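In what follows, a structure is listed as structure tokens, so that the remarks can point back to it.
The values are calculated or read from the model by the stated rules, or taken from the named source; none is laboratory data. Since the structure is predicted, the reported quantities are computational estimates derived from the model, not experimental observations. Note that we place each Cβ from the backbone using ideal geometry, even for glycine, and neighbour counts take in every protein chain shown.
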């Protein structure tokens, strides 16, 4: 009679991972390895890759302790594996810094109780990770509109600075818009959004790199590039984007009440 093996997978996304989080995952894997007797052949491995092209592998979870040498490295990936060969059961954990790469936990075995038990324990740990949260990730559509408005408004202001001959005849619809302050403001900002949508999409693509799907925050503070760049982005937003939003609000209020 053939053996039926069950496999469960936990997808991991929009999480910030620190060294303590890796230590808790590794503790579950190591505990399972340590619970077996010597007659049950099995292997366990913890592998870390760093930004300086170095890598480290160990069978002990001390590699993920807070005071380990990893505190001086910028970690870009971590993997953990446990394999029990007697029934071909295994635990596989793969975590990669950035976007577009596999980040998941896979548990497989012929004992459904064991598979679901391990999956539940690891899932609880993953749920406790800090979420990758920010304005760009929480409100991408709104930010896209704001950026498009900013780019488009800047382009329109540049056009206004260029001396051009006014048209001899103004269409009726343009005259109506010009004589209604609220319609004039709405038309200007909608035009700005249409003009600025393409550079806005490019900016959003670059911003996604500052809030990666998985951000491994292990290493010296100055090597955590995304974290440092987000601080500068906050300054730019406060200095440039916020005044634009206040200008939009002022124009709308002016069009309604004045």
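Looking at (1) modelled with pLDDT under 95; (2) in the same structural domain as residue 117 (by TED's automatic domain parsing); (3) farther than 30 Å from residue 134 by Cβ, which is the one condition that is false for residue 1?
The number of the failed condition is (2).
Could you tell me whether any residue of the range 126-145 is modelled with pLDDT of 95 or more, in a helix (DSSP H, G or I) and closer than 30 Å to residue 85 by Cβ?
There is at least one residue in the range 126-145 that is modelled with pLDDT of 95 or more, in a helix (DSSP H, G or I) and closer than 30 Å to residue 85 by Cβ.
Please work out which one of (1) in a helix (DSSP H, G or I); (2) surrounded by 12 or more Cβ atoms within 10 Å (Cβ to Cβ); (3) at pLDDT 80 or above; (4) under 29 Å from the mean Cα position of the chain (by Cα) is the condition residue 114 fails and give its number.
Against the list (1) in a helix (DSSP H, G or I); (2) surrounded by 12 or more Cβ atoms within 10 Å (Cβ to Cβ); (3) at pLDDT 80 or above; (4) under 29 Å from the mean Cα position of the chain (by Cα), residue 114 comes up short only on (4).
Looking at the range 61-109, which of its residues are touching a residue at least 40 places away in the same chain (Cβ under 8 Å), assigned to a helix (DSSP H, G or I) and surrounded by 17 or more Cβ atoms within 10 Å (Cβ to Cβ)?
64, 70
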